[in-house]
Amino acid sequence: MELTPHQILRMHDLLLIQFQRLSFDDNAEYLLSYYPMADRAEIEPHLFGKSIQLSLPDLKIAYPVINYEDSTLQAHLVTETTVLMNNEYNIPEPVNGQEIDASILDIVFVPLLAFDRQGFRVGYGKGFYDRFLAQCRQDVIAIGFSYFDPVDNIDDANQFDIPLNYCITPQELYEF
């Protein structure tokens, strides 16, 4: 199903309403967000990070940098002076951001194509986020965003897949 620009704007408004139903620990300090793939019409999570910063003004936001040689993902803090450069998949990445350890993250926004009723997701098949989430604290909050409702079950989920804590759609906030 292809969405029109007007439908996408409306869905972003509804996603934000659902997102604002979440509450975050006042001690949360670090968020890993992501830049969407422009050619894939992914949900833009920037608005949700800014929404959290209204209640947590000291929240620091990091973005992923992918190392395709060893299939790892690193979190890099960004500031107003951070330079971004598109990687080989045309995804903006911070060039001069400070790398931070996954274990200090409080919240991680996780990109997805689809998710199921158990909180498992389908990404782009490389496992970057599952490996990265395995390095995070047990209490990290993993949040996905989707324009669409969950499927009943993702058939190829395995023991290395890490489920989301929440997935937000325009109509519902799913908690797992």
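Just so it is clear, none of the values below were taken in a lab; they were calculated from the coordinates. Because the structure is predicted, anything quoted here is derived from the model rather than measured. No Cβ is skipped: glycine too gets one built from the backbone with ideal geometry, and neighbour counts run over all protein chains shown.
Which distance in Å, rounded to a whole number, links the C-alpha centroids of the stretch 127-176 and the stretch 16-77? The two parts, judged by their Cα centres, are 14 Å apart. Listed values [x] 1.22; [y] 1.11; [z] 0.93 include one computed from this model; for Rg/Rh (Cα atoms, Kirkwood Rh) that value carries the label [z]. The charge dipole of the stretch 5-175, taken about its Cα centre with unit charges on the Cβ of Lys, Arg, Asp and Glu (plus for the first two, minus for the last two), comes to roughly 300 debye. When peptides 100-107, 25-32 are ranked by their average number of other Cβ atoms within 10 Å per residue, the highest-first order is 100-107, 25-32. You can think of it this way: the chain between V151 and D26 has 41.7 nm of extra reach, that is 0.36 nm per residue less the Cα-Cα gap.
Considering only P57, C136, A28, and ranking their Cα positions along the charge dipole of the stretch 1-158 that arises from unit charges at the beta-carbon of Lys, Arg, Asp and Glu, the one farthest toward the positive end is P57.
Cut-off 10 angstrom, C-alpha nodes, Gaussian network model of the chain. Which of F160, F132, F19 fluctuates the most? Between F160, F132, F19, it is F160 that shows the largest mean-square fluctuation.
Taking θ as phi - 60° and the Karplus parameters 6.51, -1.76 and 1.60, the scalar couplings of the stretch 150-155 work out to x, 7, 5, 7, 8, 5 Hz in sequence order, x denoting glycine and proline.
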